[in-house]
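What follows is one structure encoded as structure tokens, with my remarks underneath.
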Amino acid sequence: MDLGFQAVTQENWKECIAMEVLKEQRDFVASNAYSLVQAQYMVGLYPLCIYDGEQMVGFLMWGEDEEEDHDLGMCRLMIDKKFQKRGYGRAAVIKLMGLVREKYGHVSFYTSFESENTVAGKLYMDLGFAKTGDLIGDEIVLMAQL
């Protein structure tokens, strides 16, 4: 695996928005198109395409929530249905956590997941996230110390 992140650009945005999760996962994550629009109108969001070498395999978005005392967190993670169950999600979260730690030092880093999405919940908790006791809508909020 040669995992890397690339910005969404004029050259790759169509491929990015064409990626899809499995039908049964669609209620768990916003579409990449929605996420890209959101990033254009909300300050502090950073959308990234996930690549294995030259092959785009997924998408994530992280950011800084200026309304919540500058909390840092990952608000999107999706791996295209053709590339799931290969470790890309785990590798992408680990890589992102490393990049955030490098940029900001030892900080709290947040994410959340729908309670029905047990796969995401297990992944995040296996990577050191713990439940905060908070909810964002119906999503369970998790935090890791980087």
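The table that follows gives values for the structure above.
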{"quantity": "Cβ-Cβ under 8 Å pairs, at least 6 apart or on other chains, the range 119-140 side assigned to a strand (DSSP E or B), far side hydroxyl-bearing (Ser, Thr, Tyr) and surrounded by 14 or more Cβ atoms within 10 Å (Cβ to Cβ)", "calculated": "THR132/TYR110; ILE136/SER112; GLU139/SER112; ILE140/SER112"}
{"quantity": "Scope the range 105-130; condition over 18 Å from GLU24 (Cα atoms) and surrounded by 13 or more Cβ atoms within 10 Å (Cβ to Cβ); matching residues", "calculated": "VAL107, SER108, PHE109, TYR110, THR111, SER112, TYR124, MET125, LEU127, GLY128, PHE129"}
{"quantity": "Residue that is farthest from VAL100 (Cα to Cα) [pool: residues in the range 1-37 that are touching a Lys or Arg at 6+ places or on another chain (Cβ under 9 Å) and among the polar types (S, T, N, Q)]", "calculated": "GLN25"}
{"quantity": "Boolean, TYR41 is farther than 19 Å from VAL141 by Cβ and surrounded by fewer than 13 Cβ atoms within 10 Å (Cβ to Cβ)", "calculated": "yes"}
{"quantity": "The lone exception for PHE83 - which of (1) within 17 Å of LEU22 (Cβ to Cβ); (2) surrounded by fewer than 19 Cβ atoms within 10 Å (Cβ to Cβ); (3) under 14 Å from the mean Cα position of the chain (by Cα); (4) not hydroxyl-bearing (Ser, Thr, Tyr) it fails", "calculated": "(3)"}
{"quantity": "Failed criterion for TRP62 (all others in (1) within 17 Å of PHE113 (Cα to Cα); (2) over 14 Å from the mean Cα position of the chain (by Cα) hold)", "calculated": "(2)"}
{"quantity": "Residues of the range 17-32 classified as within 14 Å of the chain's Cα centre (by Cα) and either outside any loop (DSSP other than H, G, I, E, B) or more than 24 Å from GLY121 (Cα to Cα) (or both), total", "calculated": "1"}
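For (1) surrounded by fewer than 19 Cβ atoms within 10 Å (Cβ to Cβ); (2) in contact with a strand residue (DSSP E or B) (Cβ under 7 Å, 6 or more places away or on another chain); (3) at negative phi, each residue gets a yes or a no:
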{"site": "TYR51", "(1), (2), (3)": "yes, yes, yes"}
{"site": "ASP65", "(1), (2), (3)": "yes, yes, yes"}
{"site": "VAL93", "(1), (2), (3)": "no, yes, yes"}
{"site": "LYS103", "(1), (2), (3)": "yes, no, yes"}
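Bear in mind these aren't lab numbers, they're just calculated from the coordinates by the rules spelled out. Given the structure is predicted, the values throughout are model-derived calculations rather than measurements. No Cβ is skipped: glycine too gets one built from the backbone with ideal geometry, and neighbour counts run over all protein chains shown.
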